[in-house]
Amino acid sequence: MTEPGQSNGGFWRSLRSGNFNSAIASMRGAQTAQQLAFIRSQMKDNRRPEVLGTPLDELEVVVFDLETTGFNHQHGDEILSFGATKVIGEQVIENETFHMIVNSGAPVPPFIAELTGITQHMVDAAPPLMEGLHDFMAFIGGRVLVAHAAAHDRGFLNAALWKTSKVRLTHRLLDTMMLAQRLYPEQKDYSLDELLRSSGIPVEGRHHALSDARMTARLWADYMQEIQARGHATTLGDLYVYLSEA
């Protein structure tokens with residue numbers, strides 16, 4: 001491997017001196033290196049066993065949703081936007097929300113633009129994916145995550161985290177669809193729209209990440225109330241046991 005021209009001189013000087021972190025910062029830019037370090041730090045200690053003893057009426061979660069360029073991250077689809085809101089127990093914290101459109105480098109298909117309202121122009125003007133992940137992880141902290149049909153969101157988050165930071169999501173992630181299936185086994189349709197309808201929650205702004213996160217948060221709050229009222233669970237650990245018995 002030969003040293004390139006002077007444009008990357010800072011990288012090679014740092015590398016020769018043994019300062020690998022400085023070398024990476026020089027190569028990627030200090031801001032990107034700081035974002036990378038932060039994201040990696042957020043992946044530590046997110047499955048502490050003591051969290052399982054947290055009472056459900058005190059449990060802090062972040063309910064989130066992603067809008068994406070398609071439905072399969074394995075075929076090149078990417079994240080377009082993040083939306084999230086915090087919930088404590090059964091209370092949705094309406095003024096603690098997160099929403100961000102990002103530029104992941106993938107074009108926005110016309111049908112996705114029509115569905116989500118996110119245009120190519122909006123994406124072109126948006127911050128890069130790394131910045132979006134950094135800010136999203138800062139909003140989450142070490143809280144438990146909640147999503148509807150969570151496998152979809154987990155897959156896209158893991159793909160984005162690996163692409164940018166070579167890490168995987170380590171946060172606990174619960175699924176409102178799984179909760180609904182456990183609470184209401186007789187129900188035939190567990191789509192978000194149908195569960196919102198059956199719970200009497202107004203459907204507003206579907207396929208906008210923050211709107212979907214807010215509506216899912218209301219579902220989560222309702223389900224937490226129902227689970228405790230039925231005596232199925234009082235702590236996060238109890239909730240995992242309840243879900244495992246399905």
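Some observations on this one:
- Check on Phe111, in the same structural domain as Ala213 (by TED's automatic domain parsing), among the aromatic types (Phe, Trp, Tyr) and under 30 Å from Gln225 (Cβ atoms): no
- Test result for Arg168, at pLDDT below 95 and at negative phi: yes
- Taking the criterion of being at pLDDT 95 or above, surrounded by fewer than 16 Cβ atoms within 10 Å (Cβ to Cβ) and acidic (Asp, Glu), the residues of region 174-225 that qualify are Glu186, Asp189, Asp193, Glu194.
- Scope region 227-242; condition buried (at least 17 other Cβ atoms within 10 Å of the Cβ) and either in contact with a strand residue (DSSP E or B) (Cβ under 8 Å, 6 or more places away or on another chain) or among the polar types (S, T, N, Q) (or both); matching residues: Gln228, Thr235, Leu236, Leu239
- Per the conditions (1) under 13 Å from the mean Cα position of the chain (by Cα); (2) not small (Gly, Ala, Ser); (3) not in a strand (DSSP E or B), the sole criterion not satisfied by Met130 is (1).
- Of all the listed residues (Leu179, Leu173, Leu236), the sole one being aliphatic (A, V, I, L, M), closer than 24 Å to Leu80 by Cα and either in the same structural domain as Leu129 (by TED's automatic domain parsing) or free of Cβ contacts under 8 Å to residues at least 12 places away in the same chain (or both) is Leu173.
- Scanning region 94-103 for any residue that is surrounded by 13 or more Cβ atoms within 10 Å (Cβ to Cβ) and not in a strand (DSSP E or B) turns up at least one such residue.
- Ala147 being among the small types (Gly, Ala, Ser), closer than 19 Å to Lys44 by Cα and buried (at least 21 other Cβ atoms within 10 Å of the Cβ): no
- Tally of residues being modelled with pLDDT of 95 or more, surrounded by fewer than 17 Cβ atoms within 10 Å (Cβ to Cβ) and either outside the structural domain of Pro127 (by TED's automatic domain parsing) or not in a loop (DSSP other than H, G, I, E, B) (or both) across region 53-91: 5
- Inside region 104-121, residues that are surrounded by fewer than 19 Cβ atoms within 10 Å (Cβ to Cβ) and farther than 16 Å from His207 by Cα make up a count of 5.
Yes/no per residue for (1) touching a Lys or Arg at 6+ places or on another chain (Cβ under 9 Å); (2) touching a residue at least 24 places away in the same chain (Cβ under 8 Å); (3) more than 22 Å from His148 (Cβ to Cβ):
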| position | (1), (2), (3) |
| --- | --- |
| Leu66 | no, yes, no |
| Ile93 | yes, no, no |
| Thr97 | yes, yes, no |
| Gly105 | no, yes, yes |
| Thr116 | no, yes, no |
| Pro127 | no, yes, yes |
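The values are calculated or read from the model by the stated rules, or taken from the named source; none is laboratory data. Everything quoted here is computed from the prediction, not taken from an experiment. Neighbour counts run over all protein chains shown; Cβ positions are idealised from the backbone, glycine included.
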